[in-house]
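Take a look at the structure below.
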Amino acid sequence: MAFGEQPAYLRVASDLRRKIVDGALPPHTRLPSQARIREEYGVSDTVALEARKVLMAEGLVEGRSGSGTYVRERPVPRRIARSGYRPPSGANPFRQEQAEEGMRGTWESSSERDEVAPDIATRLGIQPGDPAMRTRYVFRDAGEPMMLSTSWEPLEVTGRTPVMLPEEGPLGGCGVVERMAAIGVVVDNVVEEIGARPGLAEELLLLGGVPGHVVMVLERTYYASGRAVETADVVVPADRYRVAYHLPVR
């Protein structure tokens with residue numbers, strides 16, 4: 001194969017992808033069968049199968065049990081707002097930020113005491129196995145799941161305080177900054193790192209995706225005078241949403 005030349009299965013996948021994007025194969029149209037691809041492009045069954053696998057992995061097509069493979073409806077990505085804005089005490093940052101984008105954000109959550117794994121311990125600057133409050137969230141826009149989050153707060157910071165449970169008590173549902181301030185911890189920095197990976201089965205089940213879909217993962221950590229007081233993994237379906245940052249100019 002010459003330098004820069006694509007393997008046959010990628011060339012076939014590229015042509016089928018172009019037809020999907022251009023509308024020649026509109027949503028809900030059945031993808032040409034493996035035999036049809038083999039005949040039309042003059043390739044082997046193996047090449048035809050691998051080309052179909054590429055489109056499946058990219059989320060452009062989906063299999064329907066007993067029916068075949070069909071072109072998926074392509075959602076128009078919506079924005080999930082992220083900013084350095086801090087709403088007045090008592091307001092929820094997620095609800096405030098999404099309201100700016102015209103979304104009707106709601107969420108559900110559950111908290112439980114947990115011993116942190118080594119990777120989370122590193123992010124929090126504590127020892128593996130140290131206790132933390134782990135809170136899992138499902139965020140929705142008008143009832144549709146749009147984002148998952150799992151947060152950890154070291155109990156050496158929040159244990160035996162009124163804010164130990166993020167969604168309960170007098171400041172339940174408020175942001176990390178406001179809750180920490182209530183116990184004398186001043187958050188002065190937040191770091192977010194964004195990556196992408198295939199969604200886990202349990203994540204895609206909650207988000208309404210299919211196997212192979214890619215998710216964006218935001219690793220967020222709040223700091224107070226250099227000490228991590230909360231870290232979280234925020235998971236967003238990459239085919240349906242874009243993360244938009246509103247950064248203040250100083």
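The values are calculated or read from the model by the stated rules, or taken from the named source; none is laboratory data. Since this is a predicted model, take the numbers as computed values, not measurements. Cβ coordinates were reconstructed from backbone atoms using ideal geometry, including for glycine residues, and neighbour counts include every protein chain displayed. Heavy atoms of the whole protein, side chains included, go into the accessibility calculation; ligands, DNA and RNA do not. Shrake-Rupley method; radii C 1.70, N 1.55, O 1.52, S 1.80 Å.
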(request) Filter region 50-61 for residues that are open to solvent by 50 Å² or more (accessible area, probe 1.4 Å) and touching a Phe, Trp or Tyr at 6+ places or on another chain (Cβ under 7 Å) and give the result. (result) GLU50
(message) For the condition over 22 Å from the mean Cα position of the chain (by Cα) and under 27 Å from TYR245 (Cα atoms), what is the one hit in ASP119, ASP130, ASP188, ASP114?
(response) ASP188
(message) Quick check on ILE80: is it open to solvent by less than 60 Å² (accessible area, probe 1.4 Å) and at pLDDT 90 or above?
(response) no
(request) Identify all residues within region 225-250 that are in contact with a helix residue (DSSP H, G or I) (Cβ under 7 Å, 6 or more places away or on another chain) and surrounded by fewer than 19 Cβ atoms within 10 Å (Cβ to Cβ); write none if there are none. (result) none
(request) Find the residue count for region 103-127, including only residues that are surrounded by fewer than 16 Cβ atoms within 10 Å (Cβ to Cβ) and either touching a residue at least 60 places away in the same chain (Cβ under 8 Å) or in a helix (DSSP H, G or I) (or both). (result) 4
(request) Give the residues of region 138-149 that are open to solvent by less than 30 Å² (accessible area, probe 1.4 Å), closer than 20 Å to LEU200 by Cα and of a type outside the set (A, V, I, L, M), sorted by residue number. (result) PHE139, PRO145, SER149
(message) Within region 204-216, does at least one residue satisfy the condition of being modelled with pLDDT of 95 or more and in contact with a Lys or Arg (Cβ under 8 Å, 6 or more places away or on another chain)?
(response) no
